[in-house]
Structures are given as structure tokens and as C-alpha cells.
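The values are calculated or read from the model by the stated rules, or taken from the named source; none is laboratory data. Values in this document were obtained by computation on a predicted structure and should not be read as measured data. Here the Cβ is made from the backbone with ideal geometry for all residues, glycine too, and neighbour counts use every protein chain on show. For accessibility, only protein heavy atoms count, side chains too; no ligands or nucleic acids. Shrake-Rupley method; radii C 1.70, N 1.55, O 1.52, S 1.80 Å.
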Amino acid sequence: MRKEDQEGVRRQGTGRKGVSRRGLLIGAGAGVGAAVVGLPALRDSQAQATVEALAGNGAWCTPAQGRFPEGGHYGAPRGGASHAGQDVSNPIGTAVYAAGAGTVIRRGTNVLSGRTGNGIVIDHGGGTYTYYGHLNAFHVAKGAKVKAGQRIADMGATGNVTGPHLHFETHVGGLGTTQNPVTFLAARGVDLSGGWSSIDPGASGETVKAIQYLLNQRGNSLVVDGDYASKSVAATKAFQKDQGLVDDGQVGPKTWPKLVYTLKKGANGNHVKSAQVALNKRSAGLELDGDFGSVTDKAVRNFQSANRLAVDGELGPKTWTALVG
């Protein structure tokens, strides 16, 4: 069995398999604490996180694309300790993004006790932190204010590892109190294994804007304000009903594939604006002109390359999933 990361784990599944949000209430209350070398008294805070947020509010996103390696899950045994995070494997240079908005409070080598190699810690407020380890290069400075989805680093193999990957941790209640990153993000509508996001009524942010533009492309006249309120929810429910889906207003794994368009160079319209919003959330810096011209084509190809997707310039289901996940 190949271990990607020598710093932690207890096996909960190695494949690219998402966590059902319907099972979170059970899973959140029955989590396992993580004891990590150099960080005594670590405990699992999943129950606390579940109370805090069990909705896809649009504030969180996937920090990296890749696969879950064997032995890289939260809680796996690591020589008398437990793995405090979830590993996501891909080649060196793969993009790493901020999972949520916050402030970079640590950046450098061995920034947390018991962790090796280049790392970043982001303070999200309210006692919630994320850690990104084994990085190859930094894209932000210490003290930087970052947005959810902003590129902060490149995946690497620094420190005590056997292969390139991102070591991702979530801390709730203060640094040193870890919980399972897979269930932490799933409770917030994000599939760390790389699936579609789930956006619930009441959400806000850039992904909501992308949804609103897609709904407008389908004949609605919504104000694109990033607020997933009554009018946007009603438009989603009408779309879901028309598509034979459960009309619950949640834009999740069943609704997204029906809602998005496959786009390529030459397209024009609100669906392109949706793509441009999603690309900008991932640091593309595009003008929202609705024109899939050479500039947007380049941005799509750059995103595909940075995330180890097929670089064809076409915005199909796999690229959309990575963008809005």
C-alpha cells in the first residue's frame, strides 16, 4: 500500500467518492478524534461544525482537484498518531485554492507543529482555520486577505512525503482542533472528492451569480446580485420541475448537469457570463462581456491545465464541475 503522506490516517474510503449530505447528521456526531505529533489534545469537532452549518451557503469550495490516495484519509494511523487531514493527489504544480474566504496567518516551512514542508494557514474567523501542506509554490503573501476559490499555491511534494499531493486540514474551535475535512466541506455543500457543489436557498456569492446567469440564459430576467433569494429560488424550482427533477430549489449534483451548457470559442450570451464569473472565482480576471473569444478561451485552457483536466478549451461537464465545486 502506497502512502502519499507520512504525517497521519484511519481508513474511511480511498476512491473519488463523495459524502452524502443526508448522512452528515449521523457522521458528524460519530466522528473520530485525531492525535497528531506535536499537537496534543486534538479532538474531533464535527458535531460542533454540524450545528454551525448544514447548508450549501456558497461560502466554501474545493481546494484542489485530484484523487484520494490510499492511506491519505482523515484519522488513518501514522506511527502512534492519526492523520489530521485529507490528502488530494495530483502532479506538482496543480492549482491549490482557498477553500473559504479569510486571512493568511501563516506561510512558510513547518508552519504547524508536526507538519513538514511548505504550508499555508488561513483564518476564516469564528475559530475556523484551514491548512494546506506540502506546497511547491506560494501565490499569496502572509497577511493577505483571500476569497473563496482564489489560487493561493501550487501542489507539491515538500516535506516528509512519498509523492506530490495537497495535505488539507480543517480546524474548528481553534488551531489544533481538527475534524474530518470531507465531512466539514460536505456539510457546506462541497464535495472534496471533486463532485458538483450543492447550493441551497439563502446562499450568496459568486457561484450564485453563475447560477443566476444560467437561469437568465434559459429565459429568466433575474437581477444578478449573488443573492439566492426567493425570485432566484423560484426560477430554479420552475426549471427543476420542467426537467422532471425534485423541485426543492437546491442546485446540486442532479440540477447542475441540466443547468450548465457545453461551451466553446464563439459562444455568446448569459451562459458565457456564468462561465466567466466561475472562472473569475478561480482567479481568471476576465471581463464579464458574455463573449467566448480568445481571452476566455485562454482562461479556460489555463484553468484546465492548472487542474490537470483535458486541455481542449471546451467547457464541458468535467470543467464545469471543477469550476463550481
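The table that follows gives values for the structure above.
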{"read-out": "Region 37-55 - residue that is in a loop (DSSP other than H, G, I, E, B) and either at pLDDT 90 or above or small (Gly, Ala, Ser) (or both) and, of those, surrounded by the fewest Cβ atoms within 10 Å (Cβ to Cβ)", "value": "41"}
{"read-out": "Qualifying residues in region 134-156 (those that are part of a loop (DSSP other than H, G, I, E, B) and open to solvent by less than 40 Å² (accessible area, probe 1.4 Å)) - the one farthest from residue 283 (Cα to Cα)", "value": "144"}
{"read-out": "Pairs, first closer than 21 Å to residue 93 by Cβ in region 117-137, second among the basic types (Lys, Arg) and open to solvent by 30 Å² or more (accessible area, probe 1.4 Å), C-beta under 8 Å, six or more apart", "value": "119/106; 119/107; 120/106; 120/107"}
{"read-out": "Candidate set from region 158-172 (those that are over 15 Å from residue 86 (Cα atoms) and crowded, with 17+ Cβ neighbours inside 10 Å); member that is farthest from the chain's Cα centre (by Cα)", "value": "159"}
{"read-out": "Selection status of residue 227, surrounded by fewer than 16 Cβ atoms within 10 Å (Cβ to Cβ), farther than 19 Å from residue 150 by Cβ and not aromatic (Phe, Trp, Tyr)", "value": "no"}
{"read-out": "Which numbered condition residue 192 fails, given (1) within 20 Å of the chain's Cα centre (by Cα); (2) under 22 Å from residue 316 (Cα atoms); (3) open to solvent by 20 Å² or more (accessible area, probe 1.4 Å); (4) in contact (Cβ under 8 Å) with a residue 24 or more places away in the chain", "value": "(3)"}
{"read-out": "Criterion violated by residue 22 - all others in (1) surrounded by fewer than 22 Cβ atoms within 10 Å (Cβ to Cβ); (2) of a type outside the set (Phe, Trp, Tyr); (3) modelled with pLDDT under 90; (4) more than 22 Å from residue 324 (Cα to Cα) satisfied", "value": "(4)"}
{"read-out": "Output for region 56-71, where each listed residue is within 21 Å of residue 122 (Cβ to Cβ) and part of a loop (DSSP other than H, G, I, E, B)", "value": "56, 57, 58, 59, 61, 62, 63, 64, 65, 66"}
{"read-out": "Residue, farthest from residue 252 (Cα to Cα), within region 177-189, restricted to residues that are open to solvent by less than 10 Å² (accessible area, probe 1.4 Å) and in contact with a strand residue (DSSP E or B) (Cβ under 7 Å, 6 or more places away or on another chain)", "value": "178"}
{"read-out": "Selection from region 76-113 of residues that are assigned to a loop (DSSP other than H, G, I, E, B), touching a Lys or Arg at 6+ places or on another chain (Cβ under 8 Å) and at pLDDT below 95", "value": "83, 112"}
{"read-out": "Verdict on residue 123 being in a strand (DSSP E or B), open to solvent by 10 Å² or more (accessible area, probe 1.4 Å) and in contact with a helix residue (DSSP H, G or I) (Cβ under 9 Å, 6 or more places away or on another chain)", "value": "no"}
{"read-out": "Test: residue in region 291-299 that is modelled with pLDDT of 95 or more, open to solvent by 20 Å² or more (accessible area, probe 1.4 Å), in contact with a Ser or Thr (Cβ under 7 Å, 6 or more places away or on another chain) and of a type in the set (A, V, I, L, M)", "value": "no"}
{"read-out": "Conditions (1) over 22 Å from residue 192 (Cβ atoms); (2) touching a strand residue (DSSP E or B) at 6+ places or on another chain (Cβ under 8 Å); (3) buried (at least 17 other Cβ atoms within 10 Å of the Cβ); number of the one not met by residue 262", "value": "(3)"}
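Rundown of residues vs (1) on the phi > 0 side of the Ramachandran plot; (2) open to solvent by 20 Å² or more (accessible area, probe 1.4 Å), yes/no style:
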| position | (1), (2) |
| --- | --- |
| 63 | no, no |
| 71 | yes, no |
| 82 | no, yes |
| 86 | no, no |
| 103 | no, yes |
| 106 | no, yes |
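Per-residue answers, yes or no, for (1) open to solvent by 60 Å² or more (accessible area, probe 1.4 Å); (2) over 13 Å from residue 218 (Cα atoms); (3) in contact with a strand residue (DSSP E or B) (Cβ under 7 Å, 6 or more places away or on another chain); (4) not in a loop (DSSP other than H, G, I, E, B):
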| position | (1), (2), (3), (4) |
| --- | --- |
| 235 | no, no, no, yes |
| 276 | no, yes, no, yes |
| 283 | yes, yes, yes, no |
| 289 | yes, yes, no, no |
